[in-house]
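> Take a look at this one; I'll ask things after.
The values are calculated or read from the model by the stated rules, or taken from the named source; none is laboratory data. All values derive from a computational prediction rather than experimental measurement. With ideal geometry, Cβ positions are generated from the backbone for all residues, glycine too; neighbour counts draw on all protein chains shown. Just the protein is used for accessible areas: all its heavy atoms, side chains included, with ligands, DNA and RNA removed. Shrake-Rupley method; radii C 1.70, N 1.55, O 1.52, S 1.80 Å.
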Amino acid sequence: MTGQQLRPGLEGVTVAETRLSDIDGEAGELVIGGFPVETLATNATYEETVFLLLEDRLPSAAELDAFRADLASRRELCEETHAVLRRAAEDGEPAMDALRMGLAAATLDADTDEPSEAAKRVVAVIPTVVAAYWRYRSGEAPVAPDPELGHAENYLAMLTGDPPDDHAVRGLETYLNTVVDHGLNASTFTARTVVSTESDLVSAATAAAGALKGPLHGGAPGPVLEMLRTVHESGDPERYVREALDAGERLMGFGHRVYRVRDPRAEVLSTAAERFYAAAAETDFYDTVEQFETVALDLLADHKPDRRLATNVEFYTAALLHGVGVPRALFTATFAVARSGGWMAHGLEQLADNRLVRPVGRYVGTRDRSWTPVEQR
């Protein structure tokens, strides 16, 4: 096609109307389900947030109890899924590959369900898949999901085998709420594209997990944690930042495709991390995190004055998830635990007013070639 405006990466192209979340990158604002992220993330349970995204309202106390029980009843894995996860762990497969395989296996029974039922199964079972894989990877037996525990608490309990403390649960809950949805990011757009073909929500979630696996989307918090650990051990954040910038390296945890100011999710997670580390009486590491952010922002402004490289969500994600006890290897998979609520809400929204996603590409190849028989080439 000719005469088409080229927008690499679909940048700035509006392809859907949504009530789920809204981003103002210039002002540094994020609204989820009508609430500023700082309000929702610090007050809601994850179940309340998912209910909000699915139903466009907060649940009553009775509705919340029923929704929690409904999600909890969908957490179990069959033996066939456990076999897949055992094999993935034995073969040393990365967590996101194990999640993709385990999710597809665990939701076979959801393929023919009503979409809303399949959506709840996906949200409920992902934490069990991730935790079971990790226990196998660690040489330990999986911990069965506890229907009496909330979503966040149950995930931590299945990972560690021990009852998590309240501060860790609240920290993780805040994280899950903060990153549950964020516009038409790569994985969410992937989910909507799959659903637009009138495929099922399980396929959409599996495809979304594949998109999230990529380091340009969900993989940065792990390297951020390694960076913070290195700086904490050296005690010299300024030297680390200067050497990285002088070498032309990217400083992980700073800069965002959308936000031109500090990521509002970083603000929420920094507060949550500060509270967690203070409650745990482990403030040394968090002090390093704050010092590093201050030094990095100052030096980035000096080295790259033409770019607005503010703190993004990945920086404090690393600090918070590390603090509450999520292993570094599961950071991206834990992102999937959170984002699954958004994926499923977007999938249902797409189905409600569906149009097949079908962008066009600009052809830049050769034309008018002449065919040469193979024996003459």
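> Give the stretch 266-303 a look and list any residue that's more than 22 Å from residue 40 (Cα to Cα) and of a type in the set (Phe, Trp, Tyr), or say none.
285, 286, 292, listed by residue number.
> Select from the stretch 121-157 the residues that are assigned to a helix (DSSP H, G or I) and either touching a strand residue (DSSP E or B) at 6+ places or on another chain (Cβ under 6 Å) or free of Cβ contacts under 8 Å to residues at least 40 places away in the same chain (or both) and list them in ascending order. Walk me through how you get there before you give the answer.
The first filter runs over the stretch 121-157 and keeps only residues assigned to a helix (DSSP H, G or I), leaving 121-137, 151-157.
Across the stretch 121-157, the qualifying residues are 131, 135, 153, 157.
> Consider residue 238 against the criteria (1) open to solvent by 20 Å² or more (accessible area, probe 1.4 Å); (2) closer than 17 Å to residue 319 by Cβ: it satisfies all of them except one. Which criterion is unmet?
(2)
> Looking only at the stretch 197-230, which residues are out of contact with any Gly (no Cβ under 8 Å at 6 or more places or on another chain), buried (at least 18 other Cβ atoms within 10 Å of the Cβ) and among the charged types (D, E, K, R)?
Across the stretch 197-230, the qualifying residue is only 200.
> Could you grab me the full set of residues in the stretch 96-120 that are open to solvent by less than 10 Å² (accessible area, probe 1.4 Å) and part of a helix (DSSP H, G or I)? Please lay out each step first, then the result.
Restricting attention to the stretch 96-120, the residues satisfying the condition of being open to solvent by less than 10 Å² (accessible area, probe 1.4 Å) are 98-99, 102-103, 106-107, 110, 118-119.
Within the stretch 96-120, 98, 99, 102, 103, 106, 110, 118, 119 meet the criteria.
> Enumerate the pairs (first residue in the stretch 49-61 and under 14 Å from residue 34 (Cβ atoms); second residue anywhere and among the hydroxyl-bearing types (Ser, Thr, Tyr) and part of a helix (DSSP H, G or I)) with beta-carbon separation below 8 Å, excluding pairs fewer than 6 apart on the same chain, so at least 6 apart or on different chains.
Close Cβ pairs (under 8 Å, with a partner that is among the hydroxyl-bearing types (Ser, Thr, Tyr) and part of a helix (DSSP H, G or I)) amount to 54/116.
> Now a separate question. Could you check, for the stretch 262-270, whether at least one of its residues is open to solvent by 70 Å² or more (accessible area, probe 1.4 Å) and within 18 Å of the chain's Cα centre (by Cα)?
yes
A quick yes/no check of all residues on (1) at pLDDT below 95; (2) over 18 Å from residue 204 (Cβ atoms):
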| site | (1), (2) |
| --- | --- |
| 96 | no, no |
| 108 | yes, no |
| 115 | yes, no |
| 133 | no, yes |
| 137 | no, yes |
| 147 | no, yes |
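> Would you confirm whether or not the stretch 253-263 contains a residue that is at pLDDT 90 or above, within 25 Å of residue 169 (Cβ to Cβ) and in a helix (DSSP H, G or I)?
no
> Return a yes/no flag: does the stretch 274-285 have any residue that is of a type in the set (Val, Ile, Thr) and open to solvent by less than 30 Å² (accessible area, probe 1.4 Å). Explain how you work it out, then say what you get.
Initially, the stretch 274-285 is screened for residues of a type in the set (Val, Ile, Thr), giving 283.
Of the ones still in play, those that are also open to solvent by less than 30 Å² (accessible area, probe 1.4 Å) are none.
Checked the stretch 274-285: no residue is of a type in the set (Val, Ile, Thr) and open to solvent by less than 30 Å² (accessible area, probe 1.4 Å).
> In the stretch 309-332, what residues are assigned to a loop (DSSP other than H, G, I, E, B) and either aliphatic (A, V, I, L, M) or surrounded by fewer than 16 Cβ atoms within 10 Å (Cβ to Cβ) (or both)? Show your work before the answer.
Residues of the stretch 309-332 that are assigned to a loop (DSSP other than H, G, I, E, B), as a first pass: 309-310, 312, 325-327.
Of everything in the stretch 309-332, those that are assigned to a loop (DSSP other than H, G, I, E, B) and either aliphatic (A, V, I, L, M) or surrounded by fewer than 16 Cβ atoms within 10 Å (Cβ to Cβ) (or both) turn out to be 309, 310, 325, 326.
> Go through the stretch 346-362 and give me each residue that's surrounded by 10 or more Cβ atoms within 10 Å (Cβ to Cβ) and assigned to a loop (DSSP other than H, G, I, E, B). First the steps, then the outcome.
Step one: list which residues in the stretch 346-362 are surrounded by 10 or more Cβ atoms within 10 Å (Cβ to Cβ), which gives 346-351, 354, 357, 359, 362.
Once the filter is applied, which keeps residues that are surrounded by 10 or more Cβ atoms within 10 Å (Cβ to Cβ) and assigned to a loop (DSSP other than H, G, I, E, B), the stretch 346-362 yields 354, 357, 359, 362.
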